[in-house]
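The values are calculated or read from the model by the stated rules, or taken from the named source; none is laboratory data. Note that the structure is a prediction, hence the values are computed from the model and not measured. No Cβ is skipped: glycine too gets one built from the backbone with ideal geometry, and neighbour counts run over all protein chains shown.
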Amino acid sequence: MRRSGNTRRSGYWFRTSAAGVACGAALTALTVVPAQARAQTDLPERRAPHWEPKDSGAPEVRFRGLSAVSRSTAWLAGTQGTVLRTTDGGTTWRNVSPPGAGELQFRDVEAFDARRAVVLAIGEGEASRVYRTDDGGATWTESFRNTDARAFYDCLAFFDHRHGLAMSDPVDGRFRILSTSDGGRSWTVLPNSGMPAALEGEAGFAASGQCLVTSGPKDVWLATGGAARARVLHSADRGLTWTAADTPVPAGDPARGVFALAFRDRTHGLAVGGDYRPDQPSPRAAARTGDRGATWRAAANPVPAYRSAVAWLPHSRTAALAVGPTGTDLTTDGGRTWRTVDNGSYDTVDCTPDLGCWAAGEKGRVARLES
């Protein structure tokens, strides 16, 4: 879409009185033990899980693109054409930005490992570009440059190491989809005959790299806003044909809608968003689906403010984190209810199977979930 502090830790994220979060053995072990119980059992004191800031060395950059490979390796993409990479858990960050990209706005990055990654620059016309590296950012190849002034690319996503898509705001009344089958080395515009007509004013939000997400070998979802209704579009054939579903997330304004999606499998998904303007409320800004996005239900206790990104916790069927400029929220019941657990500002979040969760945002901020 054509627009778009230090962390203060607040409270315990997990308590023994709760049902518990099924995030695998390591995250389950992070449950906080009350002080009285520790005294009775001589258990050592354990900190609650929290965001541990890492020094990116780039305080002038806002990072909306994040791809977590593992607890040790992550990639960041942001303003001023900046791409950073860590392979030591965030202790050090290497600037691996593509040469000559200083005027670009990178909003999404998809990394396959510590050496291979694809980044998306957003903007009108030729400002929308895709780059790929195979050597950890030592060299980059520009694999796509938009030559249609009507197109504005927002997000990209991959099904596997070869197949991926990128999405643009509507052109000729329909969202435009790019496809790659060689890991982002080349791109082709897909036919739009299987894409439903866009609503008046409808577009995507290039806020966190999560307006386009995949699960499994063929399923992909696209989040929208800016129109009378906020919708989620779903394709089960890698972007050839799509169906659209309304969500309860408020829209009706260019600043409102669904900003981010997360699917833990092909069936269960979460949507967050709201109104990104800091002086505007964001009621009902979270929803969930259990039928591949065919229908969406509003959270009974939604996120309290605009949230730009969401991620399922590793190996969990019920726990997820949502982040935004005013804080981080946790759900432990699959998106039915959310509660704020941190007041720090982050724009994007990503988690990995080895129990690594990362977040990034304005003023070069980046953090990893620690206990």
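Yes/no per residue for (1) at pLDDT 95 or above; (2) over 15 Å from the mean Cα position of the chain (by Cα); (3) within 25 Å of Thr79 (Cβ to Cβ); (4) polar (S, T, N, Q):
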{"position": "Arg297", "(1), (2), (3), (4)": "yes, yes, no, no"}
{"position": "Leu313", "(1), (2), (3), (4)": "yes, no, no, no"}
{"position": "Thr318", "(1), (2), (3), (4)": "yes, yes, no, yes"}
{"position": "Asp333", "(1), (2), (3), (4)": "yes, yes, no, no"}
{"position": "Asn343", "(1), (2), (3), (4)": "yes, yes, yes, yes"}
{"position": "Val349", "(1), (2), (3), (4)": "yes, no, yes, no"}
{"position": "Leu355", "(1), (2), (3), (4)": "no, yes, no, no"}
{"position": "Trp358", "(1), (2), (3), (4)": "yes, no, yes, no"}
Worksheet entry | the range 242-263 - residue that is assigned to a strand (DSSP E or B) and aromatic (Phe, Trp, Tyr) and, of those, nearest to Thr352 (Cα to Cα) | Phe263
Worksheet item: Name the residues in the range 242-284 that are more than 23 Å from Ile177 (Cβ to Cβ), touching a strand residue (DSSP E or B) at 6+ places or on another chain (Cβ under 6 Å) and among the acidic types (Asp, Glu), would you?
Response: Asp275
Item to complete: Give the residue that is surrounded by the most Cβ atoms within 10 Å (Cβ to Cβ), with candidates limited to residues of the range 280-298 that are within 20 Å of Gly252 (Cβ to Cβ) and touching a Gly at 6+ places or on another chain (Cβ under 6 Å).
Response: Ala285
Worksheet item: Looking at Asp160, Asp154, Asp135, which one is surrounded by 19 or more Cβ atoms within 10 Å (Cβ to Cβ) and of a type in the set (D, E, K, R)?
Response: Asp154
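Would you list the strands (runs of 3 or more DSSP E) that sit entirely within the range 86-144 and hold 2 or more residues that are at pLDDT 95 or above, more than 27 Å from Leu369 (Cα to Cα) and not charged (D, E, K, R)?
117-124, 129-133
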Item to complete: Would you please list the contacts, defined by Cβ atoms under 7 Å and residues six or more apart or on different chains, that run from a residue in the range 229-257 that is aromatic (Phe, Trp, Tyr) to a residue that is in a loop (DSSP other than H, G, I, E, B)?
Response: Trp242/Gly194; Trp242/Met195; Trp242/Pro196
Practice prompt. Please state which one of Val303, Val323, Val272 is in contact with a Phe, Trp or Tyr (Cβ under 6 Å, 6 or more places away or on another chain) and part of a strand (DSSP E or B).
Written response: Val323
